[in-house]
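Every number in this text was worked out from the coordinates using simple rules, so none of it is lab data. From a predicted model like this one, the values you see are computed outputs, not experimental measurements. No Cβ is skipped: glycine too gets one built from the backbone with ideal geometry, and neighbour counts run over all protein chains shown.
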């Protein structure tokens, strides 16, 4: 049964690569039935995805979306992360091509998340390239450029890793070739010496000449032995020096690779936090702007001014949040010092809640603040604000609608808990 499914997939793959998508679909569907009979969930997910790809190539986008969505649900259920990343990527491309960039962005971000989890750098690069095109379609040119730059950085990292691997392989092969060449040369010299010794013994017929020849041979061999040992010692020292140089270069390359991975990790962490913290202010801006566009004629001048003031306030909060995040990023890379000072926690909490007002309002969540007004902490205010925003944002995400979130603090033995 497994062999049948594999053969059917091979036939379908041949037809698909020849551009005969209509002919490939029946083979994929038969393979899909075979996989279902065998309860091969991975095979079912792959066949469903490939059918969706064929319909996409045939411009039957509704059928393509249906099959890709079915495949996606199977991949989510069974945690096929790499397949899920590929499917989300294709869905993102489809929605971008049919002029639905918002949906495209959603699927591309999901694909990017899965690609990072499985460490698929090339797929991660493709996600950033497609996101760049999608943001361009949304006329978000700055975001488009940022994603393109990230894709370029990932490609540079891939190229660097490939270069390092090729260099290490070249160094090892070079050392082996040099060693083999020297061994052959020594073997040839040794063989020549043996032939020479043999010919000398043959020439001497008499006992006297034999004895004389023995003395001469001993003296000559001792001298050559010393010279040979000296030459071998010098060659060994040279080879050892070359080996030490190769080892030092290898260690240097490993240190550079570790530093590069650490820098990339800090960069990925920064982008993750920026995306997480800036979502709320931008959601508020989007909702308010949509509301004004849809109901502009029904609003009074006073209501319009209020809306514009809310938009301005949300934009200022978003800008302040971005500055705080950039300051945090500098602390992670050693570019910024932490300035400790005595701060009141209650106003900092109020500022964090105001920044998340849109998310709190949408889920109708009640926030209970149990921080006394006189609670003072010795800390960096920007870092404390960022921590509170992250904690409350996560609490909102995992709270039910109309739920409650309590933020408390108390002082004990000169510590804040």
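At q = 0.10, 0.11, 0.20 Å⁻¹, what log₁₀ I(q)/I(0) does the stretch 60-171 have when each alpha carbon counts as one equal point scatterer in the Debye sum? Each listed q corresponds, in turn, to -0.34, -0.40, -1.00. Note on 298, 50, 40, 244: ascending count of other Cβ atoms within 10 Å places them as 298, 244, 40, 50, the fewest first. Taking the stretch 153-170 and a reference point 7 angstrom along Cα→Cβ of residue 246, the backbone N atoms nearer than 13 Å belong to 167-170. Angle of helix 101-118 to the longest C-alpha principal axis of the chain, folded into 0 to 90 degrees and rounded to 10: 40°. Note on the chain: Cα Rg divided by 2.2 N^0.38 Å, N the number of residues, gives 1.64. Taking the Cα atoms only, what angle lies between the long axis of helix 2-17 and the longest principal axis of the chain, rounded to 10 degrees? Computed tilt is about 80 degrees.
Among DSSP beta bridges lying fully in the chain, give the percent that are antiparallel, nearest 5. Here the antiparallel bridges make up roughly 55 percent for the chain.
Stokes-Einstein diffusion coefficient for the stretch 190-259 at 4 °C in a medium of 1.567 mPa s, Rh from the Kirkwood formula over Cα pairs: what value in µm²/s? Walk me through the intermediate numbers first.
Numbers: Rh = 15.8 Å.
The Stokes-Einstein estimate is 82 µm²/s.
Helix 121-137 versus the longest principal axis of the chain: what is the Cα-based angle in degrees, 0 to 90, to the nearest 10? Roughly 40 degrees, rounded to the nearest 10. The length gained by stretching the chain between residue 191 and residue 256 to full extension, at 0.36 nm per residue less their Cα-Cα distance, is 18.7 nm.
When the chain is treated as a GNM with alpha-carbon contacts under 10 Å, the residue of 362, 41, 390 showing the greatest mean-square fluctuation is 362. Each principal axis of the Cα cloud of the stretch 19-120 was taken in turn, and the coordinate range along them, longest first, works out to 35, 29, 19 Å.
Using equal-weight Cα scatterers in the Debye expression, the normalised intensity of the stretch 95-238 in log10 at q = 0.10, 0.11, 0.14, 0.19 Å⁻¹ is -0.60, -0.65, -0.82, -1.09.
State, as an integer percentage, the relative contact order of the chain based on alpha-carbon contacts under 8 Å between residues 6 or more apart. Can you show the working numbers first?
Values: 385 pairs, mean separation 28.3, N = 417.
Relative contact order comes out at 7 percent.
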